[in-house]
Amino acid sequence: MSDWIEACAADDIDEEDVLRFDHAGRTFAIYRSPEDEFFATDGLCTHEQIHLSQGLVMGDIIECPKHNGRFNYKTGAARGAPVCVNLRTYPVKVDDGKVFIRMAD
Amino acid sequence: MTVTPSARDYSLVGESARRAVESGLAAAEWYHTDIPRKQMKELMQRSDAPAIRDTAIWLGLLVAFGAAGAALWGSWWCVPFFLCYGVLYGSATDARWHECGHGTAFKTQWMNDAVYQIACFMIMRNPVTWRWSHTRHHTDTVIVGRDPEIAVMRPPDLLRVVLNFFGLLDAWHAMVDMVRNAAGVIGKEEATFIPESEQPRAIRIARIWLAIYLATIALALYLGSWLPLMLVGLPRLYGAWHHVLTGLLQHGGLADNVVDHRLNSRTVLMNPVSRFIYWNMNYHVEHHMFPMVPYHALPRLHEMIKHDLPAPSQSMWAGYREMLPAFLRQLRNEDYFIKRELPPTARPYREEFHSEAALAAQ
């Protein structure tokens with residue numbers, strides 16, 4: 001499956017913020033950067049199963065709300081303890097004010 | 001229904017640990033008070049200014065009291081200066097390693113890291129080991145067999161509590177752990193929460209610290225004076241009392257094996273000096289519920305969610321008047337705990353998690 005899935009309206013997310021999106025039994029995090037770009041990752045921290053959508057976006061970084069684990073949400077790269085495993089990222093496009101993500105197989 | 005007293009196994013590799021995983025208590029979903037996203041983001045915002053100010057005051061006083069104590073060494077006039085120095089060394093560092101470990105004290109990460117390393121050395125907590133143990137403490141707060149940071153186990157060992165007001169057991173165990181780690185050995189329990197990739201760092205730091213302590217002891221022997229050890233190492237003992245005084249209140253006498261911080265953590269209103277030393281960790285329910293809120297925003301968070309929390313203890317004295325009788329009662333019945341009343345405005349506790357424990361506590 002590689003279809004684009006509508007996740008939310010672009011206006012649903014403030015700049016430098018994150019929104020949770022659940023689809024087909026999976027959970028994702030959709031980000032809007034300070035530069036007004038959109039990104040998507042898996043919704044749960046790779047350290048423990050905590051929703052990143054409750055965390056804090058600081059520039060390129062999403063910080064897990066439970067243990068301060070940090071990721072670069074643009075690349076998915078883990079940025080120090082207690083996270084050691086990178087986040088999976090997904091392609092995102094904005095069309096007619098709506099945010100779409102493409103899920104990998 | 002007959003309720004037999006529970007036997008708690010605080011080992012991280014024992015029977016309680018296995019039961020916690022099987023029952024879903026480990027890495028469970030915890031209760032959170034609802035806070036609108038906009039307000040939560042405001043509370044989580046980082047700032048360097050408050051922590052730079054507080055760190056400058058802390059280090060400035062540390063140097064001033066230490067210098068005065070050293071200058072007056074040999075006379076009784078040095079005593080009050082060392083008493084103050086000790087608290088700043090052996091107690092204020094408990095809050096500073098903690099907050100900087102969360103990465104919330106400063107906005108700038110290297111500042112968090114620098115203060116974290118300094119404070120860890122003073123409080124004698126390996127910065128790698130304790131980063132991971134504290135991560136577990138937040139995942140499984142006061143879950144028996146999972147939380148490595150339960151200060152008072154049941155039934156309470158009151159002698160151990162008293163000795164720790166002088167840092168005696170904590171410092172002894174810290175020294176043993178440091179020597180063991182420096183020898184390249186990571187303990188079986190440590191290995192349950194420190195990832196393998198991080199263990200070499202724990203060993204490297206233990207070796208550096210051991211070298212510093214040996215150099216301090218050598219200097220003391222060379223000078224024929226206790227003074228070097230009064231400045232490095234011993235303050236962890238003679239200055240520990242304040243962090244134990246405040247730290248026991250965090251969870252003492254409250255429920256274990258529950259997934260609601262309102263039941264297992266205590267908020268205590270404190271005087272401004274203690275709050276400076278303790279970096280606002282007296283707002284402990286709030287801290288556990290939302291650990292990414294910086295220490296300087298905790299009073300605001302408290303005001304925002306107090307309608308959903310048990311009333312705070314009005315002073316340390318009030319906290320101890322509640323906690324100490326519970327410790328004494330736990331000597332006879334280790335299942336006893338204090339169940340704190342919620343205000344009428346609060347969402348109720350999830351009784352299905354607590355009914356069995358409450359029955360056993362009677």
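Brief remarks follow.
- For the stretch B:116-141 and the stretch B:183-213, distance of Cα centres in Å: 12
- By the beta carbon rule, with partners counted only under 4.7 Å, chain A holds these lone Cys residues: A:C8, A:C84.
- Within the protein assembly as shown, DSSP assigns beta bridges of which about 95% are antiparallel (rounded to the nearest 5).
- Packing around the peptides B:188-201, B:146-159, taken as the average count of other Cβ atoms within 10 Å per residue, puts them in this order, highest first: B:146-159, B:188-201.
- When the Gaussian network model of chain B links Cα atoms closer than 10 Å, the mean-square fluctuations of B:L169, B:L214, B:L62 top out at B:L214.
- Length-normalised contact order of the stretch B:179-259 in % [C-alpha pairs under 8 Å, at least 6 apart]: 22
- Nonlocal amide H pairs with A:G43, under 5 Å, H built at 1.01 Å: A:T27, A:F28, A:A29
- Per-residue Cβ neighbour counts within 10 Å put A:Y73, B:Y213 in the sequence B:Y213, A:Y73, beginning with the fewest.
- Local electrostatic count at B:Q199 - Lys and Arg +1, Asp and Glu -1, tallied over other residues with Cβ under 14 Å: +1
- Residue by residue, the stretch A:23-34 carries 3J(HN,Hα) couplings of 7, 6, x, 10, 10, 10, 10, 10, 10, 10, 7, x Hz when phi is fed to the Karplus relation 6.51 cos²θ - 1.76 cosθ + 1.60 (θ = phi - 60°); x denotes Gly or Pro.
- Annotated for the protein assembly as shown: lysine pairs at least 8 residues apart or interchain, Cα distance under 21 Å, count 14.
- Scattering profile of the stretch A:4-102 at q = 0.25 Å⁻¹ [log10 I(q)/I(0), Debye over alpha-carbon scatterers]: -1.36
- A simple packing score, the average count of other Cβ atoms within 10 Å per residue, orders the peptides B:224-234, A:52-62 as A:52-62, B:224-234, with the highest score first.
- Per-pair calculated FRET efficiency, R0 = 45 Å: A:D22 and B:V13 via Cβ, rounded to 0.05: 0.80
- Counts of other chain beta carbons within 10 angstrom of each beta carbon in peptide A:15-24 average 1.
- Virtual spin-label span in nm between B:D34 and A:T75, 7 Å along Cα→Cβ: 4.0
- Given charges at Cβ of Lys, Arg, Asp, Glu: chain B dipole, positive-most of B:G319, B:N280, B:T216: B:T216
- Over chain B: helical MRE at 222 nm, DSSP H runs n ≥ 4 each giving -39500 (n - 2.57), nearest 500: -17000 deg cm²/dmol
- For the protein assembly as shown, size of Cβ-based charge dipole, Lys and Arg +1, Asp and Glu -1, in debye: 1480
- Average Cα contact separation per residue, chain B, under 8 Å, 6 or more apart, as relative contact order %: 23
- Inter-chain shielding of B:38-48 (mean C-beta neighbours from other protein chains, 10 Å cut-off): 2
- Of the DSSP H helices in chain B, those whose Cα atoms cover at least 30 Å axially and whose Kyte score averages 0.5 or more: B:49-71, B:199-223
- Here the gap between B:L72 and B:F276, fully extended at 0.36 nm per residue and compared with their Cα-Cα distance, gives a gain of 70.8 nm.
- Taking every C-alpha pair closer than 8 Å and separated by at least 6 residues, the mean separation divided by the residue count of the stretch B:173-310 gives a relative contact order of 13 percent.
- Dipole of chain B computed with +1 at Lys/Arg Cβ and -1 at Asp/Glu Cβ about the Cα centre; of B:V176, B:G90, B:T129, farthest Cα towards the positive end is B:G90.
- Under the convention that each Lys and Arg Cβ holds +1 and each Asp and Glu Cβ holds -1, the size of the dipole of the stretch A:4-102 around its Cα centre is about 580 debye.
None of the figures in this text is laboratory data; all of them are computed from the coordinates on show. These numbers were taken from a predicted model, which means no experiment stands behind them. All Cβ positions, even for glycine, are placed from backbone atoms using ideal geometry, and neighbour counts span all protein chains on display.
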